[in-house]
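All remarks here apply to the structure that follows.
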Ligand code: BJW
């Protein structure tokens, strides 16, 4: 089914589930330099340190529970199957809330990728080490989390572009609009004639690109907006 509602989510939607955002005070990038953990060069320099960083993130994500914002989006998707959720988040909280039509454009902590041969597979263990062999090539030194680092191409961009071109409504939730190409989606949707709405704790540097911005916590704004769309 062609999506008519495209929703882009970012770290802010999982903040009230206890997962840190990136650029807010106390966020991930205020504690660790992104150049040290979120680039292919960082992994090539110190794979053990990068794997350990993502082991800790995976443990936090798996221990977290979906909040009312994730639950409201799952309710919207169930009632409106023409909804597509595009998340930048590497946690699985949309799926754990019951959403099915989700694109993880920045990958997932529950996946592994072999930097040596490009093979991808689901990752269920808690930790990742170079003794974990890739099922594709049998080597372990390139085994890394299947997340998209700076300089790498996000997933499913063609499918997302098609959805943005066809949608009537584009909603960005809990994302600062600091990282491309996701930050450019609002302009693509607007150019295609969609209504655009931003739901965020505060105004962002890209708020001016949206027709409407509502500020507040995702756990309150999102359920209220979903009720508005569904008329209940
Ligand atoms: C709440 C809330 C509550 C808080 N309720 N709200 C110069 C110009 C333009 C582009 C570039 C450039 N130099 C380099 C680039 C490209 C680069 C980029 O954008 N860099 C910028 C820094 C400028 N991008 C890339 O490299 C990307 N790849 C790429 O461009 O490939 C080329 C290509 C493009 C197109 C076609 C083909 C090829 C890849 C980007 C990968 C990003 N990876 C990360 C890490 C993933 C793994 C991990 O999790 O560790 O993804 S970085 C990090 O940022 C993570 C996030 O998904 C991403 C976005 O962050 P997000 O979600 O917006 O979080 P925050 O913290 O920034 O914002 C949270 C918001 O929530 C805030 O506004 C709060 O107010 C709000 N909030 N609590 C509601 N309760």
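The values are calculated or read from the model by the stated rules, or taken from the named source; none is laboratory data. What you are looking at is a predicted structure, and each value in this text was computed from that prediction instead of being measured. Positions of Cβ are backbone-derived with ideal geometry, glycine not excepted, and every protein chain shown enters the neighbour counts.
Which one of these does residue 203 not meet: (1) free of Cβ contacts under 8 Å to residues at least 60 places away in the same chain; (2) surrounded by 16 or more Cβ atoms within 10 Å (Cβ to Cβ)? Failed condition: (2). Across the range 102-125, the qualifying residues are those that are in contact (Cβ under 8 Å) with a residue 24 or more places away in the chain and more than 28 Å from residue 175 (Cβ to Cβ), and the one among them that is surrounded by the fewest Cβ atoms within 10 Å (Cβ to Cβ) is 117.
Take the range 100-111 and flag every residue that is closer than 20 Å to residue 185 by Cβ and either more than 12 Å from the chain's Cα centre (by Cα) or outside any loop (DSSP other than H, G, I, E, B) (or both). Show your work before the answer.
Looking only at the range 100-111, we keep the residues that are closer than 20 Å to residue 185 by Cβ, and these are 101-108.
Residues satisfying the conditions are 101, 102, 103, 104, 107, 108.
Residues in the range 149-176 that are in contact with a helix residue (DSSP H, G or I) (Cβ under 9 Å, 6 or more places away or on another chain), over 17 Å from residue 9 (Cα atoms) and within 12 Å of the ligand (Cβ to nearest atom): 149, 150, 151, 152. If the condition is being farther than 17 Å from residue 147 by Cα and either within 8 Å of the ligand (Cβ to nearest atom) or surrounded by fewer than 16 Cβ atoms within 10 Å (Cβ to Cβ) (or both), then the range 5-31 contributes 12, 13, 15, 16, 18, 23, 24, 25, 26, 27, 30, 31. When 111, 107 are checked against the criterion of being in contact with a strand residue (DSSP E or B) (Cβ under 7 Å, 6 or more places away or on another chain) and at positive phi, a single residue qualifies: 107.
Does any residue of the range 53-64 turn out to be touching a helix residue (DSSP H, G or I) at 6+ places or on another chain (Cβ under 7 Å), within 11 Å of the ligand (Cβ to nearest atom) and part of a loop (DSSP other than H, G, I, E, B)?
Of the range 53-64, the ones touching a helix residue (DSSP H, G or I) at 6+ places or on another chain (Cβ under 7 Å) are 53, 64.
Narrowing further to those that are within 11 Å of the ligand (Cβ to nearest atom): 53.
Pick out the ones that are also part of a loop (DSSP other than H, G, I, E, B) and you get none.
For the range 53-64, residues touching a helix residue (DSSP H, G or I) at 6+ places or on another chain (Cβ under 7 Å), within 11 Å of the ligand (Cβ to nearest atom) and part of a loop (DSSP other than H, G, I, E, B): absent.
Screening the candidates 116, 133 for the property of being in a loop (DSSP other than H, G, I, E, B), touching a strand residue (DSSP E or B) at 6+ places or on another chain (Cβ under 8 Å) and more than 16 Å from the ligand (Cβ to nearest atom) yields one hit, 133.
Name the residue that is nearest to the ligand (Cβ to nearest atom), counting only residues in the range 78-99 that are outside any helix (DSSP H, G or I) and out of contact with any strand residue (DSSP E or B) (no Cβ under 9 Å at 6 or more places or on another chain).
Taking the range 78-99 and keeping what is outside any helix (DSSP H, G or I), we get 80-92, 97-99.
Okay, now just the ones that are also out of contact with any strand residue (DSSP E or B) (no Cβ under 9 Å at 6 or more places or on another chain), so 81, 97-98.
Details: 81: 25, 97: 15, 98: 20 Å.
Going through the qualifying residues, I end up with 97.
Taking the criterion of being within 15 Å of the ligand (Cβ to nearest atom), under 17 Å from the mean Cα position of the chain (by Cα) and outside any loop (DSSP other than H, G, I, E, B), would at least one residue in the range 187-199 satisfy it? Taking every residue of the range 187-199 in turn, at least one turns out to be within 15 Å of the ligand (Cβ to nearest atom), under 17 Å from the mean Cα position of the chain (by Cα) and outside any loop (DSSP other than H, G, I, E, B).
Being more than 25 Å from residue 27 (Cβ to Cβ) and at pLDDT 95 or above narrows it down to one residue among 174, 118; which is it? Write out each step before concluding.
Numbers: 174 fails: more than 25 Å from residue 27 (Cβ to Cβ).
Residue meeting the stated conditions: 118.
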